[in-house]
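The values are calculated or read from the model by the stated rules, or taken from the named source; none is laboratory data. Source: prediction; values computed, not measured. Please note: Cβ atoms are built from the backbone with ideal geometry, for glycine as well, and neighbour counts cover all protein chains shown. Accessible surface is based on the protein model in full, side chains and every heavy atom, while ligands, DNA and RNA are left aside. Shrake-Rupley method; radii C 1.70, N 1.55, O 1.52, S 1.80 Å.
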Amino acid sequence: MVVVSLIALASAACAHAPRCDRLLAGGVVHVPGGPQRLEIAIADGRILALVPPAEAAPWRRAAAEVVDLAGAQVFPGMTESHGHLVGYGAALEQVDLDDAASLEEVVARVRHAAAKLRPGAWVLGRGWDQNLWTDKRFPTNRSLSAAVADHPVLLGRVDGHAALANAAAIAAAGITRATPDPPGGRIVRDAAGEPTGVFVDAAAGLLDRAVPPPTAADIERRVLLACRHLAAFGITQIDDAGTAAPELAVLRAMHAAGRLPLRVYVMLDTHDDGFLDGELAAGPRVSRDGMLAVRAVKLFADGALGSRGALLSAPYSDDPSTRGIEVTSEARMADVVGRAARAGFQPCIHAIGDAAVTRVLDIYERELGVRGDVLRPRVEHAQIVRPEDVPRFAQEGAIASVQPAHCIADMPWAPDRLGPMRIAWAYRWRSLLDAGARLCLGSDVPVASPDPRLGIWAAVTRRTPQGTPPGGWNPAERLSPAEALAGYTSWAAFAAFEEDWRGRIAPGFAADLTLLDRDPTAGDPAAILQAKVLRTVVAGRDVFVAGSGT
Ligand SMILES: [Zn+2]
(Lines give C-alpha, C1' and ligand atoms only; values in the text may rest on other atoms or scores of the structure.)
Protein backbone atom coordinates (compact mmCIF):
# COMPACT_ATOMS: atom_id res chain seq x y z
CA MET A 1 0.00 0.00 0.00
CA VAL A 2 2.77 2.40 0.90
CA VAL A 3 4.52 1.74 -2.39
CA VAL A 4 1.37 2.30 -4.44
CA SER A 5 0.53 5.57 -2.72
CA LEU A 6 4.06 6.91 -3.19
CA ILE A 7 3.95 6.25 -6.91
CA ALA A 8 0.58 7.98 -7.10
CA LEU A 9 2.00 10.90 -5.19
CA ALA A 10 4.95 11.17 -7.51
CA SER A 11 2.92 11.11 -10.68
CA ALA A 12 0.38 13.59 -9.35
CA ALA A 13 3.07 16.30 -9.51
CA CYS A 14 1.67 17.85 -6.39
CA ALA A 15 2.85 21.31 -5.51
CA HIS A 16 3.96 20.22 -2.06
CA ALA A 17 6.38 17.34 -2.40
CA PRO A 18 7.28 15.77 0.93
CA ARG A 19 10.57 16.66 2.52
CA CYS A 20 13.43 14.67 1.08
CA ASP A 21 17.12 14.52 1.92
CA ARG A 22 18.40 14.25 -1.63
CA LEU A 23 17.08 14.36 -5.14
CA LEU A 24 19.29 12.52 -7.64
CA ALA A 25 18.41 14.23 -10.91
CA GLY A 26 19.39 13.70 -14.51
CA GLY A 27 20.12 9.98 -14.42
CA VAL A 28 18.92 7.07 -16.51
CA VAL A 29 17.40 4.81 -13.90
CA HIS A 30 17.28 1.06 -14.40
CA VAL A 31 13.91 0.24 -12.86
CA PRO A 32 12.46 -3.26 -13.27
CA GLY A 33 10.67 -2.36 -16.52
CA GLY A 34 13.83 -1.01 -18.19
CA PRO A 35 15.85 2.21 -18.20
CA GLN A 36 13.91 5.46 -17.75
CA ARG A 37 14.74 9.10 -17.15
CA LEU A 38 13.60 9.52 -13.56
CA GLU A 39 14.65 11.59 -10.60
CA ILE A 40 15.20 9.71 -7.38
CA ALA A 41 13.91 11.29 -4.18
CA ILE A 42 15.61 9.90 -1.10
CA ALA A 43 14.62 10.28 2.54
CA ASP A 44 15.93 8.44 5.58
CA GLY A 45 18.05 6.13 3.46
CA ARG A 46 15.15 4.95 1.33
CA ILE A 47 13.81 5.77 -2.09
CA LEU A 48 10.83 7.98 -1.41
CA ALA A 49 9.70 8.40 -5.00
CA LEU A 50 10.76 8.06 -8.62
CA VAL A 51 9.73 11.24 -10.36
CA PRO A 52 9.51 11.95 -14.11
CA PRO A 53 11.68 15.03 -14.85
CA ALA A 54 8.68 17.03 -16.05
CA GLU A 55 7.10 16.69 -12.61
CA ALA A 56 10.24 17.21 -10.56
CA ALA A 57 10.03 20.95 -9.83
CA PRO A 58 8.28 20.65 -6.43
CA TRP A 59 10.64 17.85 -5.47
CA ARG A 60 13.62 20.01 -6.32
CA ARG A 61 12.27 22.73 -4.05
CA ALA A 62 11.60 20.28 -1.22
CA ALA A 63 14.96 18.53 -1.42
CA ALA A 64 17.71 19.44 1.02
CA GLU A 65 20.23 18.59 -1.73
CA VAL A 66 19.88 18.17 -5.48
CA VAL A 67 22.59 16.12 -7.19
CA ASP A 68 22.97 16.37 -10.96
CA LEU A 69 23.89 12.92 -12.27
CA ALA A 70 24.61 14.24 -15.78
CA GLY A 71 23.19 11.25 -17.61
CA ALA A 72 24.71 8.54 -15.42
CA GLN A 73 23.25 5.05 -15.67
CA VAL A 74 21.75 4.23 -12.28
CA PHE A 75 21.60 0.58 -11.23
CA PRO A 76 20.51 -1.06 -7.99
CA GLY A 77 23.44 -1.16 -5.58
CA MET A 78 25.60 -4.18 -6.30
CA THR A 79 26.03 -6.94 -3.73
CA GLU A 80 29.16 -9.05 -3.41
CA SER A 81 27.45 -12.30 -2.43
CA HIS A 82 30.54 -14.13 -1.25
CA GLY A 83 33.58 -12.29 0.01
CA HIS A 84 35.87 -12.08 2.98
CA LEU A 85 35.72 -8.56 4.33
CA VAL A 86 38.54 -8.56 6.87
CA GLY A 87 40.53 -10.96 4.70
CA TYR A 88 40.25 -8.50 1.84
CA GLY A 89 41.45 -5.66 4.03
CA ALA A 90 44.31 -7.83 5.26
CA ALA A 91 45.12 -8.82 1.68
CA LEU A 92 45.25 -5.17 0.67
CA GLU A 93 47.80 -4.65 3.44
CA GLN A 94 49.83 -7.73 2.52
CA VAL A 95 52.56 -8.33 0.00
CA ASP A 96 50.66 -8.71 -3.25
CA LEU A 97 51.83 -11.81 -5.10
CA ASP A 98 49.06 -11.86 -7.69
CA ASP A 99 50.58 -12.28 -11.13
CA ALA A 100 54.04 -13.08 -9.75
CA ALA A 101 55.46 -14.85 -12.78
CA SER A 102 58.00 -16.97 -10.92
CA LEU A 103 59.14 -18.04 -7.49
CA GLU A 104 62.09 -15.65 -7.91
CA GLU A 105 59.63 -12.79 -8.28
CA VAL A 106 57.79 -13.90 -5.13
CA VAL A 107 61.05 -13.91 -3.18
CA ALA A 108 62.03 -10.49 -4.54
CA ARG A 109 58.70 -8.91 -3.56
CA VAL A 110 58.90 -10.42 -0.06
CA ARG A 111 62.47 -9.24 0.44
CA HIS A 112 61.46 -5.72 -0.60
CA ALA A 113 58.56 -5.70 1.89
CA ALA A 114 60.63 -7.19 4.72
CA ALA A 115 63.22 -4.44 4.39
CA LYS A 116 60.59 -1.95 5.58
CA LEU A 117 59.66 -3.89 8.74
CA ARG A 118 61.33 -4.14 12.11
CA PRO A 119 63.47 -7.28 12.52
CA GLY A 120 61.48 -10.33 13.52
CA ALA A 121 58.14 -8.93 12.34
CA TRP A 122 56.03 -11.33 10.31
CA VAL A 123 55.86 -10.74 6.58
CA LEU A 124 52.46 -11.77 5.28
CA GLY A 125 51.67 -12.10 1.63
CA ARG A 126 49.12 -13.67 -0.62
CA GLY A 127 48.23 -14.52 -4.17
CA TRP A 128 51.00 -16.82 -5.45
CA ASP A 129 49.92 -19.35 -8.04
CA GLN A 130 52.45 -21.89 -9.25
CA ASN A 131 50.19 -22.60 -12.22
CA LEU A 132 51.50 -19.32 -13.67
CA TRP A 133 55.12 -20.44 -13.37
CA THR A 134 57.32 -22.52 -15.66
CA ASP A 135 57.59 -25.20 -12.98
CA LYS A 136 53.97 -25.89 -12.05
CA ARG A 137 54.78 -28.11 -9.08
CA PHE A 138 54.40 -26.69 -5.57
CA PRO A 139 57.50 -24.61 -4.70
CA THR A 140 59.81 -25.28 -1.78
CA ASN A 141 60.87 -22.60 0.67
CA ARG A 142 64.62 -22.97 0.12
CA SER A 143 65.25 -19.70 -1.73
CA LEU A 144 62.73 -17.82 0.40
CA SER A 145 64.33 -18.98 3.65
CA ALA A 146 67.77 -17.97 2.39
CA ALA A 147 66.66 -14.54 1.16
CA VAL A 148 64.57 -13.59 4.22
CA ALA A 149 66.08 -15.37 7.19
CA ASP A 150 65.27 -13.03 10.08
CA HIS A 151 61.54 -12.55 9.47
CA PRO A 152 58.92 -15.28 9.65
CA VAL A 153 57.25 -15.28 6.21
CA LEU A 154 53.82 -16.72 5.46
CA LEU A 155 52.43 -16.49 1.94
CA GLY A 156 48.92 -17.63 1.07
CA ARG A 157 48.23 -19.27 -2.26
CA VAL A 158 45.84 -17.46 -4.62
CA ASP A 159 42.92 -19.72 -3.62
CA GLY A 160 43.56 -19.38 0.11
CA HIS A 161 43.83 -23.15 0.39
CA ALA A 162 47.60 -23.51 0.69
CA ALA A 163 50.43 -21.47 2.20
CA LEU A 164 54.17 -21.19 1.68
CA ALA A 165 56.18 -20.59 4.87
CA ASN A 166 59.89 -19.90 5.27
CA ALA A 167 62.10 -21.70 7.78
CA ALA A 168 61.69 -18.95 10.40
CA ALA A 169 57.90 -19.22 10.25
CA ILE A 170 58.00 -23.00 10.48
CA ALA A 171 60.28 -22.73 13.50
CA ALA A 172 58.04 -20.09 15.10
CA ALA A 173 55.09 -22.44 14.67
CA GLY A 174 57.03 -25.30 16.27
CA ILE A 175 56.59 -27.51 13.22
CA THR A 176 59.16 -30.25 12.63
CA ARG A 177 59.37 -33.40 10.56
CA ALA A 178 57.68 -35.14 13.50
CA THR A 179 54.55 -32.97 13.19
CA PRO A 180 51.73 -35.11 11.78
CA ASP A 181 49.35 -33.87 9.08
CA PRO A 182 46.34 -32.38 10.85
CA PRO A 183 42.85 -33.67 9.95
CA GLY A 184 41.74 -31.99 6.73
CA GLY A 185 45.24 -30.82 5.85
CA ARG A 186 48.56 -31.85 4.41
CA ILE A 187 52.14 -30.84 5.16
CA VAL A 188 54.02 -31.22 1.90
CA ARG A 189 57.28 -33.07 2.59
CA ASP A 190 60.40 -33.99 0.68
CA ALA A 191 61.68 -37.53 0.19
CA ALA A 192 63.34 -37.37 3.61
CA GLY A 193 60.08 -36.37 5.30
CA GLU A 194 61.09 -32.75 5.96
CA PRO A 195 58.40 -30.11 5.44
CA THR A 196 59.14 -28.31 2.15
CA GLY A 197 57.34 -25.13 3.20
CA VAL A 198 53.94 -25.73 1.57
CA PHE A 199 50.98 -26.38 3.84
CA VAL A 200 47.66 -27.37 2.29
CA ASP A 201 44.21 -26.55 3.71
CA ALA A 202 43.99 -27.24 7.47
CA ALA A 203 47.78 -27.62 7.67
CA ALA A 204 48.13 -23.91 6.90
CA GLY A 205 46.27 -23.32 10.15
CA LEU A 206 49.34 -24.60 12.01
CA LEU A 207 51.17 -21.52 10.69
CA ASP A 208 48.27 -19.09 11.09
CA ARG A 209 48.18 -19.82 14.79
CA ALA A 210 51.75 -18.60 15.18
CA VAL A 211 50.97 -15.18 13.67
CA PRO A 212 50.18 -12.61 16.38
CA PRO A 213 46.39 -12.09 16.33
CA PRO A 214 45.09 -8.78 14.97
CA THR A 215 43.86 -6.24 17.48
CA ALA A 216 40.41 -4.67 17.23
CA ALA A 217 42.10 -1.61 15.74
CA ASP A 218 43.77 -3.82 13.10
CA ILE A 219 40.40 -5.36 12.22
CA GLU A 220 38.61 -2.02 11.96
CA ARG A 221 41.39 -0.60 9.80
CA ARG A 222 41.07 -3.61 7.48
CA VAL A 223 37.27 -3.35 7.33
CA LEU A 224 37.49 0.31 6.38
CA LEU A 225 40.21 -0.33 3.80
CA ALA A 226 38.21 -3.17 2.26
CA CYS A 227 35.01 -1.12 2.23
CA ARG A 228 36.78 1.76 0.50
CA HIS A 229 37.94 -0.54 -2.28
CA LEU A 230 34.58 -2.32 -2.54
CA ALA A 231 32.73 0.99 -2.77
CA ALA A 232 35.03 2.08 -5.60
CA PHE A 233 33.92 -1.04 -7.46
CA GLY A 234 30.28 -0.05 -6.97
CA ILE A 235 29.58 -2.57 -4.23
CA THR A 236 27.06 -1.59 -1.56
CA GLN A 237 26.86 -4.84 0.42
CA ILE A 238 29.17 -7.73 1.10
CA ASP A 239 28.00 -11.14 2.28
CA ASP A 240 30.89 -11.97 4.58
CA ALA A 241 31.59 -15.68 4.21
CA GLY A 242 32.79 -16.61 7.68
CA THR A 243 32.77 -13.83 10.27
CA ALA A 244 34.76 -14.79 13.37
CA ALA A 245 33.95 -13.57 16.89
CA PRO A 246 36.52 -10.74 17.07
CA GLU A 247 35.43 -9.51 13.63
CA LEU A 248 31.75 -9.50 14.52
CA ALA A 249 32.52 -7.59 17.71
CA VAL A 250 34.30 -4.92 15.66
CA LEU A 251 31.51 -4.79 13.05
CA ARG A 252 28.93 -4.31 15.81
CA ALA A 253 30.97 -1.55 17.42
CA MET A 254 31.49 0.16 14.07
CA HIS A 255 27.79 -0.07 13.29
CA ALA A 256 26.80 1.28 16.70
CA ALA A 257 29.12 4.24 16.15
CA GLY A 258 27.85 4.86 12.62
CA ARG A 259 31.22 3.93 11.12
CA LEU A 260 30.16 0.98 8.95
CA PRO A 261 30.19 2.31 5.36
CA LEU A 262 28.71 -0.70 3.53
CA ARG A 263 26.05 -3.23 4.41
CA VAL A 264 27.45 -6.45 5.82
CA TYR A 265 25.53 -9.72 5.70
CA VAL A 266 27.29 -11.94 8.18
CA MET A 267 27.78 -15.68 7.74
CA LEU A 268 29.00 -16.74 11.16
CA ASP A 269 32.26 -18.63 11.34
CA THR A 270 31.48 -22.02 12.88
CA HIS A 271 34.88 -23.12 14.20
CA ASP A 272 34.17 -21.87 17.74
CA ASP A 273 31.14 -23.59 19.25
CA GLY A 274 30.97 -21.16 22.15
CA PHE A 275 30.66 -18.19 19.79
CA LEU A 276 28.26 -20.05 17.52
CA ASP A 277 25.98 -21.18 20.33
CA GLY A 278 25.82 -17.67 21.74
CA GLU A 279 24.82 -16.18 18.40
CA LEU A 280 22.31 -18.94 17.63
CA ALA A 281 20.73 -18.52 21.05
CA ALA A 282 20.32 -14.79 20.43
CA GLY A 283 18.47 -15.58 17.20
CA PRO A 284 18.70 -13.95 13.77
CA ARG A 285 19.35 -10.22 14.11
CA VAL A 286 19.13 -7.58 11.41
CA SER A 287 19.82 -4.01 12.48
CA ARG A 288 16.90 -1.61 12.03
CA ASP A 289 18.79 0.28 9.35
CA GLY A 290 19.65 -2.97 7.55
CA MET A 291 23.37 -2.23 7.69
CA LEU A 292 24.34 -5.34 9.66
CA ALA A 293 22.58 -8.69 9.41
CA VAL A 294 23.47 -11.76 11.47
CA ARG A 295 21.29 -14.63 10.32
CA ALA A 296 23.53 -17.12 8.49
CA VAL A 297 26.28 -19.62 9.28
CA LYS A 298 29.25 -20.72 7.16
CA LEU A 299 30.76 -24.19 6.86
CA PHE A 300 33.38 -25.77 4.61
CA ALA A 301 32.71 -29.15 3.04
CA ASP A 302 36.00 -29.21 1.12
CA GLY A 303 38.93 -27.17 -0.15
CA ALA A 304 39.64 -25.67 -3.57
CA LEU A 305 40.32 -27.14 -6.98
CA GLY A 306 43.65 -25.43 -7.65
CA SER A 307 45.37 -27.05 -4.65
CA ARG A 308 43.47 -30.33 -5.23
CA GLY A 309 41.52 -29.82 -2.03
CA ALA A 310 38.11 -29.92 -3.73
CA LEU A 311 36.43 -33.21 -2.80
CA LEU A 312 35.75 -35.27 -5.92
CA SER A 313 33.83 -38.52 -6.19
CA ALA A 314 36.69 -40.06 -8.20
CA PRO A 315 40.44 -39.30 -8.14
CA TYR A 316 41.92 -36.19 -9.71
CA SER A 317 42.71 -36.73 -13.36
CA ASP A 318 46.17 -35.22 -12.88
CA ASP A 319 46.87 -36.89 -9.52
CA PRO A 320 45.24 -40.30 -9.13
CA SER A 321 46.52 -40.51 -5.54
CA THR A 322 43.91 -38.08 -4.22
CA ARG A 323 40.20 -37.29 -4.35
CA GLY A 324 40.65 -34.06 -2.40
CA ILE A 325 40.10 -33.10 1.21
CA GLU A 326 37.11 -33.41 3.49
CA VAL A 327 37.52 -30.20 5.48
CA THR A 328 34.52 -30.78 7.76
CA SER A 329 33.03 -34.18 8.49
CA GLU A 330 29.53 -34.92 7.28
CA ALA A 331 28.43 -35.48 10.89
CA ARG A 332 29.77 -32.10 12.01
CA MET A 333 28.15 -30.30 9.08
CA ALA A 334 24.82 -32.01 9.69
CA ASP A 335 24.99 -31.09 13.38
CA VAL A 336 25.71 -27.41 12.70
CA VAL A 337 23.10 -27.20 9.93
CA GLY A 338 20.51 -28.74 12.25
CA ARG A 339 21.33 -26.35 15.10
CA ALA A 340 21.35 -23.37 12.76
CA ALA A 341 18.04 -24.38 11.23
CA ARG A 342 16.37 -24.77 14.60
CA ALA A 343 17.55 -21.27 15.49
CA GLY A 344 16.27 -19.87 12.18
CA PHE A 345 19.70 -19.28 10.62
CA GLN A 346 20.53 -19.78 6.95
CA PRO A 347 23.19 -22.43 6.31
CA CYS A 348 25.88 -21.54 3.76
CA ILE A 349 28.33 -24.33 2.93
CA HIS A 350 31.43 -24.06 0.79
CA ALA A 351 31.32 -26.97 -1.67
CA ILE A 352 33.52 -27.05 -4.78
CA GLY A 353 34.07 -30.69 -5.74
CA ASP A 354 31.19 -32.82 -7.02
CA ALA A 355 31.32 -35.12 -3.98
CA ALA A 356 31.18 -32.11 -1.66
CA VAL A 357 28.17 -30.68 -3.51
CA THR A 358 26.35 -34.03 -3.31
CA ARG A 359 27.11 -34.28 0.38
CA VAL A 360 25.86 -30.76 1.10
CA LEU A 361 22.65 -31.32 -0.85
CA ASP A 362 22.16 -34.58 1.06
CA ILE A 363 22.56 -32.75 4.35
CA TYR A 364 20.12 -30.02 3.31
CA GLU A 365 17.60 -32.63 2.21
CA ARG A 366 17.90 -34.56 5.47
CA GLU A 367 18.21 -31.69 7.93
CA LEU A 368 15.96 -29.08 6.34
CA GLY A 369 13.40 -30.98 4.27
CA VAL A 370 10.65 -28.62 3.18
CA ARG A 371 12.16 -25.86 5.33
CA GLY A 372 14.69 -25.39 2.55
CA ASP A 373 12.28 -22.88 1.06
CA VAL A 374 12.17 -20.94 4.32
CA LEU A 375 15.86 -21.01 5.23
CA ARG A 376 17.21 -20.61 1.67
CA PRO A 377 20.29 -22.78 2.24
CA ARG A 378 23.22 -21.78 0.09
CA VAL A 379 25.87 -23.85 -1.64
CA GLU A 380 28.86 -21.56 -1.77
CA HIS A 381 30.79 -21.95 -5.06
CA ALA A 382 28.84 -25.00 -6.36
CA GLN A 383 31.67 -25.35 -8.84
CA ILE A 384 31.46 -28.96 -10.01
CA VAL A 385 27.94 -30.33 -10.01
CA ARG A 386 27.05 -33.84 -11.16
CA PRO A 387 24.18 -33.98 -13.67
CA GLU A 388 21.88 -35.75 -11.21
CA ASP A 389 22.50 -33.01 -8.62
CA VAL A 390 21.60 -30.10 -10.91
CA PRO A 391 17.81 -30.39 -10.39
CA ARG A 392 18.22 -30.91 -6.64
CA PHE A 393 19.04 -27.23 -6.10
CA ALA A 394 15.52 -26.22 -7.12
CA GLN A 395 13.94 -29.20 -5.37
CA GLU A 396 15.59 -28.36 -2.06
CA GLY A 397 15.34 -24.59 -2.36
CA ALA A 398 19.14 -24.36 -2.34
CA ILE A 399 20.80 -21.27 -3.78
CA ALA A 400 23.98 -21.62 -5.85
CA SER A 401 26.33 -18.82 -4.80
CA VAL A 402 28.77 -18.69 -7.72
CA GLN A 403 31.86 -16.68 -8.66
CA PRO A 404 32.15 -16.29 -12.43
CA ALA A 405 35.67 -14.84 -12.22
CA HIS A 406 36.86 -18.21 -10.89
CA CYS A 407 35.79 -19.83 -14.14
CA ILE A 408 38.00 -17.68 -16.33
CA ALA A 409 40.88 -17.87 -13.84
CA ASP A 410 40.66 -21.67 -13.53
CA MET A 411 40.13 -22.62 -17.16
CA PRO A 412 43.85 -23.01 -18.02
CA TRP A 413 44.27 -25.88 -15.56
CA ALA A 414 40.80 -27.04 -14.45
CA PRO A 415 40.52 -29.49 -17.40
CA ASP A 416 43.71 -31.22 -16.21
CA ARG A 417 42.33 -31.58 -12.69
CA LEU A 418 38.96 -32.92 -13.80
CA GLY A 419 39.44 -34.68 -17.13
CA PRO A 420 37.20 -34.45 -20.19
CA MET A 421 33.96 -35.77 -18.69
CA ARG A 422 33.87 -33.86 -15.42
CA ILE A 423 34.99 -30.57 -16.90
CA ALA A 424 31.52 -30.33 -18.45
CA TRP A 425 30.10 -30.29 -14.91
CA ALA A 426 32.14 -27.24 -13.92
CA TYR A 427 30.85 -23.67 -13.53
CA ARG A 428 27.49 -24.74 -14.96
CA TRP A 429 25.44 -21.64 -14.26
CA ARG A 430 23.10 -22.00 -17.23
CA SER A 431 22.30 -25.63 -16.39
CA LEU A 432 21.48 -24.67 -12.82
CA LEU A 433 19.35 -21.72 -13.86
CA ASP A 434 17.45 -23.70 -16.49
CA ALA A 435 16.79 -26.39 -13.87
CA GLY A 436 15.07 -23.77 -11.71
CA ALA A 437 17.91 -23.05 -9.30
CA ARG A 438 18.39 -19.60 -7.87
CA LEU A 439 21.83 -18.06 -8.25
CA CYS A 440 23.67 -15.19 -6.64
CA LEU A 441 26.99 -13.84 -7.90
CA GLY A 442 30.18 -12.76 -6.22
CA SER A 443 33.93 -13.10 -6.38
CA ASP A 444 35.19 -14.76 -3.18
CA VAL A 445 37.34 -11.65 -2.73
CA PRO A 446 40.30 -11.66 -2.03
CA VAL A 447 40.56 -14.89 -4.07
CA ALA A 448 39.53 -12.85 -7.11
CA SER A 449 38.96 -9.16 -7.70
CA PRO A 450 35.56 -8.12 -6.34
CA ASP A 451 34.97 -5.94 -9.41
CA PRO A 452 31.39 -6.76 -10.54
CA ARG A 453 32.35 -5.75 -14.07
CA LEU A 454 34.80 -8.66 -14.16
CA GLY A 455 32.19 -11.00 -12.70
CA ILE A 456 29.53 -9.92 -15.17
CA TRP A 457 32.01 -10.12 -18.06
CA ALA A 458 33.05 -13.64 -17.02
CA ALA A 459 29.42 -14.75 -16.62
CA VAL A 460 28.37 -13.33 -19.98
CA THR A 461 31.38 -14.29 -22.11
CA ARG A 462 33.32 -17.03 -20.27
CA ARG A 463 36.38 -15.37 -21.78
CA THR A 464 39.36 -13.75 -20.09
CA PRO A 465 39.41 -9.96 -20.22
CA GLN A 466 41.97 -10.47 -23.02
CA GLY A 467 39.30 -12.35 -24.96
CA THR A 468 40.39 -15.98 -24.79
CA PRO A 469 39.05 -18.35 -25.85
CA PRO A 470 37.30 -16.31 -28.56
CA GLY A 471 34.08 -18.32 -28.48
CA GLY A 472 34.02 -18.58 -24.70
CA TRP A 473 34.86 -21.61 -22.61
CA ASN A 474 31.94 -24.09 -22.60
CA PRO A 475 29.78 -21.18 -23.80
CA ALA A 476 26.52 -23.11 -23.36
CA GLU A 477 26.83 -22.25 -19.65
CA ARG A 478 26.91 -18.47 -20.15
CA LEU A 479 24.43 -16.11 -18.53
CA SER A 480 22.77 -13.20 -20.29
CA PRO A 481 23.86 -9.68 -19.29
CA ALA A 482 20.52 -9.12 -17.55
CA GLU A 483 20.89 -12.37 -15.62
CA ALA A 484 24.43 -11.55 -14.57
CA LEU A 485 23.33 -8.12 -13.39
CA ALA A 486 20.45 -9.71 -11.47
CA GLY A 487 23.01 -12.03 -9.87
CA TYR A 488 24.65 -8.96 -8.35
CA THR A 489 21.39 -7.19 -7.47
CA SER A 490 17.90 -8.73 -7.16
CA TRP A 491 19.03 -12.36 -6.97
CA ALA A 492 21.70 -11.41 -4.45
CA ALA A 493 19.01 -9.67 -2.41
CA PHE A 494 16.95 -12.86 -2.36
CA ALA A 495 19.96 -14.87 -1.21
CA ALA A 496 20.17 -12.51 1.78
CA PHE A 497 16.40 -12.32 2.51
CA GLU A 498 16.35 -8.71 1.32
CA GLU A 499 14.18 -8.91 -1.79
CA ASP A 500 11.42 -6.84 -0.16
CA TRP A 501 13.66 -3.81 0.38
CA ARG A 502 16.90 -4.12 -1.62
CA GLY A 503 18.11 -5.19 -5.04
CA ARG A 504 15.74 -3.09 -7.13
CA ILE A 505 15.16 0.60 -7.66
CA ALA A 506 11.63 1.20 -6.45
CA PRO A 507 9.81 3.46 -3.99
CA GLY A 508 10.19 2.17 -0.46
CA PHE A 509 13.38 0.31 -1.30
CA ALA A 510 16.76 1.12 0.21
CA ALA A 511 18.59 3.91 -1.60
CA ASP A 512 21.51 1.65 -2.50
CA LEU A 513 22.68 2.63 -5.97
CA THR A 514 25.57 1.96 -8.31
CA LEU A 515 26.09 4.67 -10.93
CA LEU A 516 28.01 3.84 -14.10
CA ASP A 517 28.97 5.92 -17.12
CA ARG A 518 27.33 3.43 -19.49
CA ASP A 519 24.93 0.51 -19.53
CA PRO A 520 27.05 -2.65 -19.47
CA THR A 521 24.07 -4.84 -20.28
CA ALA A 522 23.34 -3.21 -23.63
CA GLY A 523 25.15 -3.99 -26.85
CA ASP A 524 28.77 -5.04 -27.14
CA PRO A 525 29.97 -7.01 -24.08
CA ALA A 526 33.22 -5.03 -24.26
CA ALA A 527 31.23 -2.19 -22.67
CA ILE A 528 31.07 -4.27 -19.50
CA LEU A 529 34.78 -3.95 -18.84
CA GLN A 530 34.95 -0.36 -20.07
CA ALA A 531 32.19 0.88 -17.77
CA LYS A 532 33.35 3.30 -15.09
CA VAL A 533 31.88 3.53 -11.62
CA LEU A 534 30.85 7.15 -11.10
CA ARG A 535 29.22 7.00 -7.70
CA THR A 536 28.23 4.43 -5.10
CA VAL A 537 25.36 5.19 -2.74
CA VAL A 538 24.46 3.23 0.40
CA ALA A 539 21.29 4.15 2.29
CA GLY A 540 21.21 7.43 0.40
CA ARG A 541 24.77 8.43 1.29
CA ASP A 542 27.73 8.57 -1.08
CA VAL A 543 30.39 6.03 -0.16
CA PHE A 544 32.32 6.62 -3.38
CA VAL A 545 32.37 9.46 -5.87
CA ALA A 546 34.74 9.15 -8.83
CA GLY A 547 37.52 11.70 -8.78
CA SER A 548 36.70 13.02 -5.31
CA GLY A 549 38.83 10.70 -3.22
CA THR A 550 35.69 9.77 -1.23
ZN1 LIG B 1 35.22 -17.90 0.39
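To the nearest 10 Å², what's Phe233's accessible area with a 1.4 Å probe?
50
Please list, in order along the stretch 347-356, the HN-Hα scalar couplings obtained from phi with the Karplus expression 6.51 cos²θ - 1.76 cosθ + 1.60 (θ = phi - 60°), rounded to whole Hz, x for Gly and Pro.
x, 10, 10, 5, 8, 10, x, 4, 5, 5
Ala424 versus Ala178, label points 7 Å from Cα toward the beta carbon: distance in nm?
5.3
Relative contact order, percent, of the chain when contacts are C-alpha pairs under 8 Å separated by at least 6 residues?
Relative contact order, the chain: 16 percent.
Rounded to the nearest 500, what is the 222 nm mean residue ellipticity of the chain from helices alone, with -39500 (n - 2.57) per DSSP H run of 4+ residues and division by all residues?
-9500 deg cm²/dmol
For the stretch 400-458, what is the accessible area per residue in Å² when the probe is 1.4 Å?
About 27 Å² of surface per residue is accessible.
With a point put 7 Å past each Cα toward its Cβ, work out how far Ala54 is from Arg288 in nm, to one decimal.
Reported label-point gap for Ala54 and Arg288 is 4.1 nm.
Kirkwood hydrodynamic radius, computed over distinct alpha-carbon pairs, for the stretch 88-208: how many Å, to one decimal?
14.2
Ignoring ligands, DNA and RNA, what percent of the accessible area of the chain is carbon or sulfur (1.4 Å)? Let's see the in-between values first.
Details: 11640 of 20910 Å².
C and S fraction of accessible area: 56 percent.
Using a 10 Å Cβ count of at most 14 others and DSSP loop calls, identify the longest part of the chain lacking such trypsin sites (Lys or Arg not before Pro). Write down the numbers at each step before the final one.
Working: sites that count: Arg19, Lys116, Lys136, Arg137, Arg177, Arg209, Arg259, Arg288, Lys532.
The reported range is 289-531.
Evaluate E = 1/(1 + (r/R0)^6) for Ala149 and Glu365, where r is the Cβ-Cβ distance and R0 equals 45 Å; express this FRET efficiency to the nearest 0.05.
Taking R0 as 45 Å, the efficiency between Ala149 and Glu365 is 0.25.
How much accessible area per residue does the stretch 189-307 have, counting only protein heavy atoms and a probe of 1.4 Å, in square angstrom?
36
Using Cα centres only, tell me the gap between the stretch 23-91 and the stretch 186-202 in whole Å.
Cα centres, the stretch 23-91 to the stretch 186-202: 52 Å.
For the Cα atoms of the chain, what angle does the longest principal axis make with the long axis of helix 330-342, in degrees from 0 to 90, nearest 10?
20
Using alpha carbons only, how many degrees (0 to 90, rounded to 10) separate the axis of helix 216-232 from the longest principal axis of the chain?
Between the helix axis and the principal axis of the chain, the angle is about 60 degrees.
Nearest 0.05, what FRET efficiency do Asp190 and Lys116 give at R0 = 35 Å with Cβ-Cβ as r?
0.65
Students sometimes get this wrong: rank Phe138, Phe393 by accessible area, probe 1.4 Å, all chains present, largest first.
In descending accessible area the options line up as Phe138, Phe393.
Below 22 Å, Cα to Cα, which lysines can Lys116 reach? Residues fewer than 8 away in the same chain don't count.
none
Quick one: grab the alpha carbon gyration tensor of the stretch 488-550, order the square roots of its eigenvalues as a ≥ b ≥ c, and give me rounded if a/c is under 1.5, else prolate or oblate depending on whether a/b is larger than b/c. Don't skip to the answer; put the middle values down first.
Numbers: a/c = 2.49, a/b = 1.26, b/c = 1.97.
It comes out oblate by the Cα gyration axes.
Considering only DSSP beta bridges whose two residues both sit in the chain, what percent are antiparallel, to the nearest 5?
Working: 41 of 88 bridges.
Taking every DSSP beta bridge with both residues in the chain, the antiparallel ones total about 45 percent.
Mind listing P(r) for the chain? All alpha-carbon pairs, 10 Å bins, whole percents.
Once binned at 10 Å, the Cα pair distances of the chain give 4, 18, 28, 27, 16, 6, 2, 0, 0.
So what is the relative contact order for the stretch 88-208, in percent, with contacts set as C-alpha pairs under 8 Å and at least six apart?
This gives 21 percent for the stretch 88-208.
How much length is gained on full extension from Thr134 to Ala253, taking 0.36 nm per residue of separation minus their Cα-Cα distance?
Difference between extended and current length: 38.1 nm.
Hey, what's the stretch 5-147 come to in accessible area per residue, 1.4 Å probe, Å²? Please report the intermediate quantities before stating the final value.
Details: 6450 Å² over 143 residues.
Per residue, the stretch 5-147 has an accessible area of 45 Å².
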